[in-house]
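The values are calculated or read from the model by the stated rules, or taken from the named source; none is laboratory data. This structure is a prediction, so every number in the text was calculated from the model and none was measured. Cβ: placed from backbone, ideal geometry, glycine included. Neighbour counts: every protein chain shown. Calculation scope for accessible area: heavy atoms of the full protein, side chains included, ligands and nucleic acids excluded. Shrake-Rupley method; radii C 1.70, N 1.55, O 1.52, S 1.80 Å.
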Amino acid sequence: MSLQNPFVYADEKFADLQLLRYQVKGFDNLSLRQKCLVYYLSEAALWGRDILWDQNCRYNLPIRHLLEAIYKHYTGDRSRQEFQAFTVYLKRVWFSSGIHHHYGCQKIMPAFSEAFLRQAAAQLPAGSLKLPEGRTVGSLLDTLCPVIFSSHILAKRVNQTDGEDLLLTSASNYYEEGITQHEAEQFYARQKAAGDQERPVMYGMNSKLIRRPDGSLAEDTYRSGGRYGNAIDHIVQMLQAALPYAENERQRTVINTLINFYRTGDLHTFDRYAIEWVADTESQVDFVNGFTEVYGDPLGLKASWEGYAYFTDAEASTRAQKLSDNAQWFEDHSPINPAYRKPTCKGVSASVVTAAILGGDLYPSSAIGINLPNSNWIRSEHGSKSVTIGNLIHAYDEAAKAGGMLREFVIDEATLQMVNRYNAECESLHTDLHECLGHGSGRMKPGVDPDALKAYSSTIEEARADLFGLYYIADEMMLKLGLLPCKEAYQSQYYTYMMNGLMSQLVRIEPGHQIEEAHMRNRALIARWTLAHAPEAARMVNRAGKTYVEVTDYPALRKAFGTLLAEVQRIKSEGDYEAARLLVETYGVQVDATLHQEIRQRYEALHLAPYKGFINPRYKVQTGENGQITSVQVTYGEPYDQQMMRYSEQYATLL
Ligand code: ZN
């Protein structure tokens, strides 16, 4: 008799982070051909790792090389406190793909001394640290130590503070040092003005903006033979290896067009790739690979690199498909100005997928839903593809069950019981509504610049999608489609959403800091706006010295969400920058210091980690005599530090 070990979801915990594992359920049911495709797409997703590190800050890669060399070769006492602090720092830097917090963007401050680092570096065996030409370890340390230890230098990866020069004050590496926000905005305004107004490419998306010797600005494009060329060549090699295993002709075209884009850096080719990718709804195995999300650029133009391979979970996809099939009904009944509804909702494809690998900006911290492409005109003319990542959501749920967060922050036993009963279903459904319908809904007023909301566009867009989901999760249509078990189930989502936006998400913010991240800003904005405008629906109460959210009228809360959705859609459709700024700055940014302190104390008593990320599985290939792959196996259990060290060695592409 053999006992199957239960899959262990939770792995190690340090600082404010916890590593989880996800199970690639269903991998064994794929055909060998599909497994080969997953394997090569996974490799392609891992080869771009160094790109993201360099995009996040120009010192990240040399710092990582230095830290990893010490981690590997340190001969002193590894149990001593400073080495332990060094290890935690390195693990945090790995998690963030750089020296800034992956979510809060502030610099991670080490708890070991500069003297320790210098001493450890001085003892490195010769040749264990790859140095750029003409560099000594000493001169390298003189450059890196201030970056690591001073809280003032490159303090924030992405600065969104209203009124400051967002480029000069951000540490991310998308614009050469010294280029001002005004210069960059002018540069791209000229590109936009000169280009196709109806079908604009994603200007600036795949380049670093640099200054020529004569002072003028130019783009250093990410492409084969250009910036990040070595990493890109390796990605291309893996995409080529994947080609023979493509599931159909269309997918072959998708991969070929992407290869072509990587070779040329041509943004029109990228748009063609995106259009082909959206059209491929047949393939069971699918992927994201490239310069994708713009959260890392304070101006919202430049895209960080990410890679991701997955396959469809047919059973779970039924739910998302029901929403997609009714996309037009939802659009027609949306509580927004009819002029901003989409007359025809096209190709809102949605599915639940199983992640096979996470790479770049999706590793180790990952989104649980993806909706691409980001180009507005492609979305409205060709639709978008939306996926919910089922096995990651499952891993989160399993880890949260052991938590205790809800017990601490939910107001009373009756509400807690309701939340425990419906939370999982409601979370998945809200994610589906957000991704499948929310982002794809609405339309722009003709002639409005899609980038008019500038630094506020990400927050407004997330608010729009969340509000769409909140409004409709309470609709009778959910019961009709069989997506919720009863009329009251939605109340679980309303309660936890308000609780999160007003209180529990604040555990992720350091004392004295403001809310920076777009999704967090959006949740605060929605919850606080509602509190201010619909006092009859919800309020904050104090019970036995603890603050709670009390929802007093759920239908009134729904009405408020609908009103705000209409306003947020208007802001987006009309490109009303001033209204966006006012809404976000008034409701989405500030933190009440007293409440913040209370929440952090209550949270700390639970001993939980507010951020979670994932350790990847490993794919092992066996080949026959002729070199053909005969099997692909997925294995788990690689420790976090070993995985990171292996990636740094195996997928090193940039110095
Ligand atoms: Zn979203």
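Here are the numbers:
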{"item": "Any pair with Cβ under 6 angstrom, 6 or more apart, that starts in segment 439-451 at a residue that is closer than 17 Å to Glu185 by Cα and touching a residue at least 12 places away in the same chain (Cβ under 8 Å) and ends at one that is within 16 Å of the ligand (Cβ to nearest atom) and of a type in the set (A, V, I, L, M)", "result": "none"}
{"item": "Strands (runs of 3 or more DSSP E) enclosed by segment 602-655 - at least 2 residues per element that are open to solvent by less than 30 Å² (accessible area, probe 1.4 Å)", "result": "611-615, 629-635"}
{"item": "Positions within segment 399-418 being part of a helix (DSSP H, G or I) and either of a type in the set (Ser, Thr, Tyr) or under 24 Å from Gln601 (Cβ atoms) (or both), in sequence order", "result": "Ala399, Ala400, Lys401, Met405, Leu406, Arg407, Glu408, Phe409, Glu413, Thr415, Leu416"}
{"item": "Residue check for Asn173: within 22 Å of the chain's Cα centre (by Cα), part of a loop (DSSP other than H, G, I, E, B) and modelled with pLDDT under 95", "result": "no"}
{"item": "Selection count where residues are more than 21 Å from Ala518 (Cα to Cα) and among the hydroxyl-bearing types (Ser, Thr, Tyr), scope segment 574-619", "result": "3"}
{"item": "Test: residue in segment 352-372 that is touching a strand residue (DSSP E or B) at 6+ places or on another chain (Cβ under 7 Å), among the charged types (D, E, K, R) and surrounded by 23 or more Cβ atoms within 10 Å (Cβ to Cβ)", "result": "yes"}
{"item": "Check on Leu453, closer than 12 Å to Gly369 by Cβ and within 16 Å of the ligand (Cβ to nearest atom)", "result": "no"}
{"item": "Filter result (more than 19 Å from Gln55 (Cα to Cα), in contact with a helix residue (DSSP H, G or I) (Cβ under 8 Å, 6 or more places away or on another chain) and within 14 Å of the ligand (Cβ to nearest atom)) within segment 360-379", "result": "Ile368, Gly369, Ile370, Asn371, Leu372, Pro373"}
{"item": "Selection status of Arg421, assigned to a helix (DSSP H, G or I), open to solvent by 40 Å² or more (accessible area, probe 1.4 Å) and more than 16 Å from the ligand (Cβ to nearest atom)", "result": "yes"}
{"item": "Scan of segment 449-496 for residues that are touching a helix residue (DSSP H, G or I) at 6+ places or on another chain (Cβ under 7 Å) and basic (Lys, Arg), ordered by number", "result": "Lys454, Arg464, Lys487"}
{"item": "Extreme residue, nearest to the ligand (Cβ to nearest atom), among residues of segment 510-559 that are open to solvent by 40 Å² or more (accessible area, probe 1.4 Å), touching a Phe, Trp or Tyr at 6+ places or on another chain (Cβ under 8 Å) and not polar (S, T, N, Q)", "result": "Arg523"}
{"item": "Residue, nearest to the ligand (Cβ to nearest atom), within segment 429-450, restricted to residues that are more than 17 Å from Pro335 (Cα to Cα) and touching a strand residue (DSSP E or B) at 6+ places or on another chain (Cβ under 7 Å)", "result": "Glu435"}
{"item": "Selection status of Tyr396, touching a strand residue (DSSP E or B) at 6+ places or on another chain (Cβ under 9 Å), aromatic (Phe, Trp, Tyr), in a helix (DSSP H, G or I) and away from the ligand (no atom under 16 Å from the Cβ)", "result": "yes"}
{"item": "Selection count where residues are open to solvent by less than 50 Å² (accessible area, probe 1.4 Å), part of a loop (DSSP other than H, G, I, E, B) and charged (D, E, K, R), scope segment 299-348", "result": "2"}
{"item": "Qualifying positions in segment 75-128 - open to solvent by 20 Å² or more (accessible area, probe 1.4 Å), of a type in the set (A, V, I, L, M, F, W, C), within 25 Å of Leu17 (Cα to Cα) and assigned to a helix (DSSP H, G or I)", "result": "Val88"}
{"item": "Residue in segment 487-494 that is over 19 Å from Ile526 (Cα atoms), more than 14 Å from the ligand (Cβ to nearest atom) and either of a type in the set (Gly, Ala, Ser) or buried (at least 17 other Cβ atoms within 10 Å of the Cβ) (or both) present", "result": "yes"}
{"item": "Residue check, Ala593 open to solvent by 60 Å² or more (accessible area, probe 1.4 Å) and in contact with a Gly (Cβ under 9 Å, 6 or more places away or on another chain)", "result": "yes"}
{"item": "Only one of Leu131, Leu117 that is more than 26 Å from the chain's Cα centre (by Cα), farther than 15 Å from Arg58 by Cβ and modelled with pLDDT under 95", "result": "Leu131"}
{"item": "Looking only at segment 456-474, and only at residues there that are open to solvent by less than 10 Å² (accessible area, probe 1.4 Å) and of a type in the set (A, V, I, L, M, F, W, C), the one that is nearest to the ligand (Cβ to nearest atom)", "result": "Ala465"}
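Conditions (1) open to solvent by 40 Å² or more (accessible area, probe 1.4 Å); (2) modelled with pLDDT of 95 or more; (3) touching a strand residue (DSSP E or B) at 6+ places or on another chain (Cβ under 9 Å); (4) part of a loop (DSSP other than H, G, I, E, B), marked per residue:
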residue: Asn159; (1), (2), (3), (4): no, no, no, yes
residue: Asp162; (1), (2), (3), (4): yes, no, no, yes
residue: Ala184; (1), (2), (3), (4): no, yes, yes, no
residue: Phe187; (1), (2), (3), (4): no, yes, yes, no
residue: Asp214; (1), (2), (3), (4): yes, yes, no, yes
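Yes or no, residue by residue, for (1) in contact with a Lys or Arg (Cβ under 7 Å, 6 or more places away or on another chain); (2) more than 30 Å from Asp412 (Cα to Cα); (3) not small (Gly, Ala, Ser):
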residue	(1), (2), (3)
Ala579	no, yes, no
Gly588	yes, no, no
Ala593	no, no, no
Glu604	no, no, yes
Tyr619	no, yes, yes
Val634	no, yes, yes
Met644	no, yes, yes
